[in-house]
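One structure is given below, encoded as structure tokens.
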Amino acid sequence: MEDPILEMRGISKSFPGVKALKNVNLVVRAGEIHAICGENGAGKSTLMKVLSGVYPYGSYEGDIVYQGEERRFSSISDSEHLGVIIIHQELALVPLLSIAENIFLGNEPSRMGVIDWSEAFSRTRDLLKKVGLNESPNALITNIGVGKQQLVEIAKALAKRVKLLILDEPTASLNETDSAALLDLLLEFKRQGLTCIIISHKLNEIARVADSITILRDGSTVETIDCRTEEISEGRIIKSMVGREMSDRYPPREPKIGETLFEVRDWQVEHPQHPGRKVIKGVDLKVRAGEVVGIAGLMGSGRTELAMSIFGGAYGRNITGQASMRGQPVDVSSIQKAVGAGLAYVTEDRKALGLILNDDIKHNISLVNLPGVAKAGVIDDATETHVANRYRKQLNIRSSSILQKTLNLSGGNQQKVVLSKWLFADPQVLMLDEPTRGIDVGAKYEIYTIINELAASGRGVIVISSEMPELLGICDRIYVMNEGRFVDEMPASEASQEKIMAAIMRQYRVTA
Ligand SMILES: Nc1ncnc2c1ncn2[C@@H]1O[C@H](COP(=O)(O)OP(=O)(O)OP(=O)(O)O)[C@@H](O)[C@H]1O
Ligand SMILES: [Mg+2]
């Protein structure tokens, strides 16, 4: 694997007000797994969009040499034609179509001008086997989890005869088991000769699978590390990404925990489409003033459904149970009432639920607390600008200004805007669902610091996270959830990944 399959030379790319890439060089050897790392907004996704023709020839400067020839892709289908397939940061499957339909959408096998679905289904079956996905080709995308959706995207790439596979944060929304399975699959493809470019903020994964790592900072190449000649650690990558050592991943925490702030009892929720099917089966949850409480569990254990059902019934039907704030019953049956009662929920699904993509950073931040930026009942632009700039600085939101549309922000920076919005709403209890998904190491530390400060000011924070080290690092107490129930609860000081997993497995034994 010596010859380069790809050389990107002196690539520059600008957007109005932003120079996203400045003279970037990237050399990828045939048959390797090449990682691209860098902070949120460093230019990783933009570089891959240049490569794949999303940004066509003429809209950037520099040269792309692929398989020994200079290429001028004018569209994504040009690059696909040569086997360059990109799987974007936000998955692009059609939820209400089947796996087979998604895989062959726009690429349908046909016989005499008629789509040959039996051929499509049998080819889908083969492809699913190759990616190790045990689902029917008929299954609807909406009914399979994100981990499996990611595998469908890869199957779709295989259907297009991929030679260079580009994965933009493929494991961001996957749990550890699904992530490990996906990385094993990439290693298997590598043995079969496929070249891969992978972008990820999960540096432990990069350290595990990468043959080379190119680091971008502020739109420029910092270096390419050859993992065959150098021992790779997360610390080594971080230093190159942020330009300094980072000794601690979690800020120090000295909790001052008070009385019970918010509580739900015997919380029960039915599936929105299947009346009678219980998704949340009698949960008792409480968070005290000054406390950071984690909810651990596998994907599909009901954590998001629990939080959303508490937050104004945003999920589910026939919701029953008692909610109280400082010992007083509160009505949380609509989002407006939940916000009024002092709750906030930061969604894991920022694209669909968290942001008005067509609007700017400023308006998105003030959205749920308009009175906070109003004077005499009228929105005051100066206040709104001031507030937005404050959060932009505090969370280090990379953008040309607060007037930039959130649609054009990098994934991690979109997440920071969603978080700012709910921080500005000044809730008593903040529920955070996967708050650091897709966030770089430095910004994670900032977010943990904000969580600490919120707790220190007497608020309660509930964190749902699939990253157990994160829960162990920032929480005071951890609930373990499985199949719609809390199956265990422990102080973080006594918790470990093993104990949490054991609690989940124990329940399987009991229910089996
Ligand atoms: N269509 C666009 N219009 C304007 N600015 C853009 C556009 N796309 C990207 N940018 C800007 O270019 C810079 C690089 O963004 P990019 O999405 O490449 O970052 P990234 O390294 O992928 O970050 P993340 O880790 O958060 O996904 C950012 O400052 C972003 O705001
Ligand atoms: Mg990106």
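Details
- Those helices (runs of 4 or more DSSP H) lying entirely in the range 138-256 with at least 2 residues more than 21 Å from the chain's Cα centre (by Cα): 146-159, 176-191, 234-242
Yes/no matrix, rows are residues, columns are (1) part of a strand (DSSP E or B); (2) surrounded by fewer than 14 Cβ atoms within 10 Å (Cβ to Cβ); (3) in contact with a Pro (Cβ under 7 Å, 6 or more places away or on another chain):
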residue: E90; (1), (2), (3): no, no, no
residue: L93; (1), (2), (3): no, no, no
residue: L96; (1), (2), (3): no, yes, no
residue: E108; (1), (2), (3): no, no, no
residue: E119; (1), (2), (3): no, no, yes
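- Among the residues of the range 210-221, those that are out of contact with any Lys or Arg (no Cβ under 8 Å at 6 or more places or on another chain) and at pLDDT 95 or above comprise A210, I213, T214, I215, T221.
- For R71: the one exception among (1) touching a residue at least 60 places away in the same chain (Cβ under 8 Å); (2) on the phi < 0 side of the Ramachandran plot; (3) more than 16 Å from ligand 1 (Cβ to nearest atom): (1)
- Summed over the range 35-75, residues that are crowded, with 17+ Cβ neighbours inside 10 Å and more than 16 Å from ligand 2 (Cβ to nearest atom) total 6.
- Within the range 369-396, being buried (at least 16 other Cβ atoms within 10 Å of the Cβ), modelled with pLDDT of 90 or more and not small (G, A, S) holds for E384, T385, V387, N389, Y391, R392.
- Residue that is hydroxyl-bearing (S, T, Y) and surrounded by fewer than 20 Cβ atoms within 10 Å (Cβ to Cβ), where the choices are S400, S410, S366: S400
- When the criteria are applied in full, V429 meets the requirement of being touching a Gly at 6+ places or on another chain (Cβ under 8 Å), away from ligand 1 (no atom under 16 Å from the Cβ) and closer than 30 Å to F262 by Cα.
- Residues in the range 269-307 that are of a type in the set (A, V, I, L, M) and part of a strand (DSSP E or B): V269, V279, I280, V283, L285, V287, V292, V293, I295, A296.
- Check on A30, surrounded by 15 or more Cβ atoms within 10 Å (Cβ to Cβ), under 11 Å from L164 (Cβ atoms) and in contact with a strand residue (DSSP E or B) (Cβ under 6 Å, 6 or more places away or on another chain): yes
- Those strands (runs of 3 or more DSSP E) of the range 449-510 in which at least 2 residues are buried (at least 20 other Cβ atoms within 10 Å of the Cβ) and touching a Ser or Thr at 6+ places or on another chain (Cβ under 6 Å), considering only elements entirely within it, cover 477-482.
The values are calculated or read from the model by the stated rules, or taken from the named source; none is laboratory data. Remember, predicted model here, so these are calculated numbers, not experimental data. Neighbour counts are summed over all protein chains in view; Cβ atoms, including those assigned to glycine, are modelled from backbone coordinates with ideal geometry.
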